[in-house]
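Participant: Before we start, here is the structure in question, set down as structure tokens.
The values are calculated or read from the model by the stated rules, or taken from the named source; none is laboratory data. Quantities reported herein were computed from a predicted structural model and do not represent experimental measurements. When we count neighbours, we look across all protein chains shown, and the Cβ atoms used for this are built from the backbone with ideal geometry, even at glycine. SASA here: full protein model, heavy atoms, side chains in, ligands and nucleic acids out. Shrake-Rupley method; radii C 1.70, N 1.55, O 1.52, S 1.80 Å.
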Amino acid sequence: MKNKELHLAWEYIARTSTSLFLTGKAGTGKTTFLKTLRERTPKRMIIVAPTGVAAINAGGVTIHSFFQISPGVVLPDSLEKKKGGYYTFSKEKQNIIRGLDLLIIDEISMVRADLLDAIDNRLRQYRDRSKPFGGVQLLMIGDLQQLAPVAKDDEWEQIKDYYPTPYFFSSRALQQISYMTIELHKVYRQENEAFISLLNDIRNGNTSKATIDAINSRYIPHFNSNDYPGYIRLTTHKYKAQRHNEQMLDNITSQSVTFRASIEGDFPETIYPADEVLTLKVGAQVMFVKNDSSGDQLYFNGKIGRVTGINPVEETVMVKCEDGKNLRVGKEKWDNTQYKIDEQNKTITEEVKGSFMQIPLRLAWAITIHKSQGLTFDKAVIDADASFAHGQVYVALSRCRSLEGLVMVSPIHQYSIIPDSTINEYLDGVAQRQGEAEAKLPELEKAYYRELLHQLFDFRQMEMTLNYVTRILDEHLYKQQSDLLNAYKKSRDEFKTKVIDVANKFQQQIDNIYTNKELVQERVKKGCAYFRTTIHDLLFDLLSKSNLNIENKTISKRFSDNIFLLRQAYHTATLTLELVEEKGFDIRSYLDFRAQSLLRADDKQNAEKGTQKRSSKSKVKSDVQQKEKKPKEKTAEVSYKLFKQSHSVEEVMRQRELTEGTIIGHLTEYVVNGLLSIYDFITKEQLDDVKRVLQAYPNLVSTTDIKQHLHVDLSYPLIRMALRYIKS
């Protein structure tokens, strides 16, 4: 990216975990940056926006729908009461949130402070409760000098005791994080420096006589847009735009043709991107409301033209554009998407919930200023004398490419430009904060790298859950489950000494060498091998014995809920450690490994839960029929049976959606017990080479070290299988 500010913004998103407010006047490339980010970012991200139209345009979903927030005021007191987790999200949405690295909020200027705090509440519920926004990085995009959040009098009365202003930056959660601000300066929409200067004055609330006079030099009384085709009128109120369009359409004597939108699936009326019922006549002035999807860039959102022909049978419209081109326009499709998990590669993807198909045109003699946000016009008639909100005049004027393309239907006055001292005061510090962002970037990049390394070897949450499960057994089940309690106590104590204490020392070592990337790779791989093996040895058998039938429903729920969390933490940690051990550590791959491991851990949980349910049903049935209970099938047995059927590790991986390391780990037990041959997996040459390395270097423990001395190519899981076979 050649633009200095855009490059800085990219570096912050790609190389740090610091939240960012990306702002800038109209036409500075905020929308383009968002599009580029969607295509290139290595992070798991979702895009939300405060309104349906903004969400559709940004390729995301609305804040209210994704976070399941009811319309209206969300008081902080009500959020405090919900800390116990009364908001129920689907398992898939929980997984999306847990695997999330980056939350993008477009049109942040329209997001009220209480709504941003509600987002914080939902994220904490399914992530880290101790961190604002659950530890997710935010990218907030918008211009505070454009449209403001809606805070009606009754709504402001409810929230004014909690927030000094309704703006997003008054959010309590946002004030708890050190976010950076980057302002984009280069204007791409306008090229005339004098016009850009005038727009800046209006944007900043400069209502000097010179500025007002310059704008009013384009005041043309009794201007008739019929005499000058291609002009669109921007009005402050919807009824004014509608009335003007209807009057202009009625003045045309040709026959009208009506097109009805085709709607499939879930596509709420509140987010319709075009008119559901579109009535046109030959001669009507129209505006495209979508970019051309053919890739030929024939038209774009905001392009003006005139209807020259209509074919109601084919559902096409001929439009002559200002550049003289005649275009045949058919129905275009908009998708209403939701985020979901791709079951094959375990990534966050978009799923189409519904679609809306319509001719991508609307009558364009007039449009509201609100609807014009984000659009660009060569010629516009501005009717902003009745402006009623902060930013309306600026939004209207900045839609046009040049002062010469503007026509003022009425002169503007100083009272038409509604300044907001709160906004101006906040923006006064933007330049200073931008300088701070540039200076701190190298430091924050290093901090992010170190932060991810610490996360990799942070097992405190697992320890807390292990301690809690042990306490439940000790307080309520010590008589019935004395053997299991003793096993948990032993594992708890050893987890403290062999995992937590060692991890603390290991993290200190990493802190001392983290700038030496080569040395870090070597230490990290060895660390992954140690912690993966140790955690497996301490918890694997223990968890397999923890499917208890407890009569007391309250104790049963507490126990099963925490066993679920412990299993999830175990699976996520061991899978992530396995992937990093095999493939090394860097920011992009680690983020990918972590998200995959979290989602695959949930798959394991679901598989185990399904097995438990089937086992429970079998037990009830056997109790009634007084028959011997059929033992449940272990997950390793499932892998073994599938392998016997297919003789392919890849096929078992595909069917079970598990990693090679997990499947090989399952099958290793059957190799050691003689039920499978080691040569089903590796050749005699490969096995002999592993034996050679062990004889030559008897002190080697890490599979990473062993692999470095091998002459043959062998994956880490297969090296571990060979070691178990040799030692057995």
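Participant: Which one is farthest from Thr62 (Cα to Cα), of the residues in segment 239-262 that are touching a helix residue (DSSP H, G or I) at 6+ places or on another chain (Cβ under 9 Å) and open to solvent by 30 Å² or more (accessible area, probe 1.4 Å)?
Facilitator: So, considering only residues that are touching a helix residue (DSSP H, G or I) at 6+ places or on another chain (Cβ under 9 Å) and open to solvent by 30 Å² or more (accessible area, probe 1.4 Å), the one farthest from Thr62 (Cα to Cα) is Asn251.
Participant: State the number of residues belonging to segment 492-501 that are surrounded by 17 or more Cβ atoms within 10 Å (Cβ to Cβ) and among the β-branched types (Val, Ile, Thr).
Facilitator: 1
Participant: Then there's this: Condition first: polar (S, T, N, Q) and within 16 Å of Leu575 (Cα to Cα). Now tell me which residues in segment 651-672 satisfy that.
Facilitator: Those that are polar (S, T, N, Q) and within 16 Å of Leu575 (Cα to Cα): Thr659, Thr662.
Participant: Out of all the residues in segment 32-47, which are touching a Gly at 6+ places or on another chain (Cβ under 6 Å) and either open to solvent by 20 Å² or more (accessible area, probe 1.4 Å) or not aliphatic (A, V, I, L, M) (or both)?
Facilitator: Residue satisfying the conditions is Arg44 alone.
Participant: Right, something else. In segment 430-460, which residue that is out of contact with any strand residue (DSSP E or B) (no Cβ under 8 Å at 6 or more places or on another chain) and over 27 Å from Lys517 (Cα atoms) is modelled with the highest pLDDT?
Facilitator: Gly435
Participant: With (1) modelled with pLDDT of 80 or more; (2) touching a Ser or Thr at 6+ places or on another chain (Cβ under 7 Å); (3) open to solvent by less than 60 Å² (accessible area, probe 1.4 Å) as the list, and Ile359 as the residue in question, which single condition is left unmet?
Facilitator: Unmet for Ile359, out of (1) modelled with pLDDT of 80 or more; (2) touching a Ser or Thr at 6+ places or on another chain (Cβ under 7 Å); (3) open to solvent by less than 60 Å² (accessible area, probe 1.4 Å): (2).
Participant: Restricting attention to segment 680-695, report how many residues are open to solvent by 60 Å² or more (accessible area, probe 1.4 Å) and over 13 Å from Ile726 (Cα atoms).
Facilitator: 3
Participant: When both residues are 6+ apart or on different chains and their Cβ atoms are under 8 Å apart, which pairs have a first residue that lies in segment 519-540 and is over 13 Å from Phe506 (Cα atoms) and of a type in the set (Val, Ile, Thr), and a second that is outside any helix (DSSP H, G or I) and modelled with pLDDT of 90 or more?
Facilitator: Partner pairs satisfying both residue conditions: Ile535/Phe459.
Participant: Something else now. Among the residues of segment 427-436, are any in contact (Cβ under 8 Å) with a residue 24 or more places away in the chain, crowded, with 20+ Cβ neighbours inside 10 Å and in contact with a helix residue (DSSP H, G or I) (Cβ under 9 Å, 6 or more places away or on another chain)?
Facilitator: no
Participant: Are any of the residues in segment 242-263 among the β-branched types (Val, Ile, Thr) and assigned to a loop (DSSP other than H, G, I, E, B)?
Facilitator: yes
Participant: Shifting gears a bit: Under 7 Å between Cβ atoms, at least 6 apart or on separate chains: pull out the pairs that start in segment 569-589 with a residue that is touching a residue at least 40 places away in the same chain (Cβ under 8 Å) and end on any residue that is not in a helix (DSSP H, G or I).
Facilitator: Short answer, once both residue conditions are applied: Ala573/Phe459; Leu575/Thr659; Glu578/Thr659; Arg588/Pro42.
Participant: If you don't mind, there's one more thing I want to ask. Among helices (runs of 4 or more DSSP H) lying entirely in segment 637-728, which contain 2 or more residues that are at pLDDT below 85?
Facilitator: In segment 637-728, 649-656, 660-672, 703-709, 716-727 are the helices (runs of 4 or more DSSP H) which contain 2 or more residues that are at pLDDT below 85.
Participant: Condition (residue is modelled with pLDDT under 80 and touching a strand residue (DSSP E or B) at 6+ places or on another chain (Cβ under 7 Å)) applied to segment 237-245: is it met by at least one residue?
Facilitator: For segment 237-245, residues modelled with pLDDT under 80 and touching a strand residue (DSSP E or B) at 6+ places or on another chain (Cβ under 7 Å): absent.
Participant: Scan segment 537-557 and tell me whether some residue there is in a helix (DSSP H, G or I), in contact with a helix residue (DSSP H, G or I) (Cβ under 6 Å, 6 or more places away or on another chain) and open to solvent by 50 Å² or more (accessible area, probe 1.4 Å).
Facilitator: No: segment 537-557 contains no residue that is in a helix (DSSP H, G or I), in contact with a helix residue (DSSP H, G or I) (Cβ under 6 Å, 6 or more places away or on another chain) and open to solvent by 50 Å² or more (accessible area, probe 1.4 Å).
Participant: Of (1) touching a Gly at 6+ places or on another chain (Cβ under 9 Å); (2) surrounded by fewer than 22 Cβ atoms within 10 Å (Cβ to Cβ); (3) more than 23 Å from Lys440 (Cβ to Cβ), His185 satisfies all except one. Which?
Facilitator: (3)
Participant: For segment 15-26, which residues satisfy the criterion of being of a type outside the set (Ser, Thr, Tyr) and open to solvent by less than 20 Å² (accessible area, probe 1.4 Å)?
Facilitator: Leu20, Phe21, Leu22, Gly24, Ala26
Participant: Within segment 277-293, how many residues are surrounded by fewer than 18 Cβ atoms within 10 Å (Cβ to Cβ), in a loop (DSSP other than H, G, I, E, B) and modelled with pLDDT of 90 or more?
Facilitator: Residues in segment 277-293 being surrounded by fewer than 18 Cβ atoms within 10 Å (Cβ to Cβ), in a loop (DSSP other than H, G, I, E, B) and modelled with pLDDT of 90 or more: 2 in total.
Participant: Thr515: farther than 26 Å from Ser556 by Cβ, of a type in the set (S, T, N, Q), surrounded by fewer than 17 Cβ atoms within 10 Å (Cβ to Cβ) and touching a residue at least 12 places away in the same chain (Cβ under 8 Å), yes or no?
Facilitator: Considered against the rule, which asks whether it is farther than 26 Å from Ser556 by Cβ, of a type in the set (S, T, N, Q), surrounded by fewer than 17 Cβ atoms within 10 Å (Cβ to Cβ) and touching a residue at least 12 places away in the same chain (Cβ under 8 Å), Thr515 comes out as yes.
Participant: Let me ask something else. For segment 87-98, what are the residues that are open to solvent by less than 10 Å² (accessible area, probe 1.4 Å) and modelled with pLDDT of 80 or more?
Facilitator: Scanning segment 87-98 gives Ile96, Ile97.
Participant: Looking only at segment 97-116, which residues are part of a loop (DSSP other than H, G, I, E, B) and closer than 15 Å to Lys30 by Cα?
Facilitator: Hit for segment 97-116 is Glu107, nothing else.
Participant: Something else now. What pairs come out if I take residues in segment 120-141 that are on the phi < 0 side of the Ramachandran plot and pair them with residues that are open to solvent by less than 20 Å² (accessible area, probe 1.4 Å) and of a type in the set (S, T, N, Q) whose C-beta lies under 6 Å away, six or more apart or interchain?
Facilitator: Note: pairs meeting the criteria are Gln137/Ser19; Leu138/Ser19.
Participant: Hey, which of the helices (runs of 4 or more DSSP H) in segment 430-518, taking only ones fully inside, have at least 1 residues that are under 25 Å from the mean Cα position of the chain (by Cα) and basic (Lys, Arg)?
Facilitator: Where helices (runs of 4 or more DSSP H) fall fully within segment 430-518 and carry at least 1 residues being under 25 Å from the mean Cα position of the chain (by Cα) and basic (Lys, Arg), they are 430-456.
Participant: Just checking, does segment 213-230 include any residue being closer than 21 Å to Lys25 by Cα, open to solvent by 70 Å² or more (accessible area, probe 1.4 Å) and within 44 Å of the chain's Cα centre (by Cα)?
Facilitator: No, every residue in segment 213-230 fails to be closer than 21 Å to Lys25 by Cα, open to solvent by 70 Å² or more (accessible area, probe 1.4 Å) and within 44 Å of the chain's Cα centre (by Cα).
Participant: Would you pick out the residues in segment 157-202 that are closer than 26 Å to Arg433 by Cα, among the small types (Gly, Ala, Ser) and modelled with pLDDT under 85?
Facilitator: Ser197 - this is the single residue of segment 157-202 that is closer than 26 Å to Arg433 by Cα, among the small types (Gly, Ala, Ser) and modelled with pLDDT under 85.
Participant: Only residues that are of a type in the set (Lys, Arg) and open to solvent by 100 Å² or more (accessible area, probe 1.4 Å): list them for segment 464-491, please.
Facilitator: Arg471, Lys479, Lys490
Participant: Where residues in segment 48-86 are within 17 Å of Glu351 (Cα to Cα), crowded, with 19+ Cβ neighbours inside 10 Å and of a type in the set (S, T, N, Q), which of them is modelled with the highest pLDDT?
Facilitator: Only one residue tops the list, namely Thr62.
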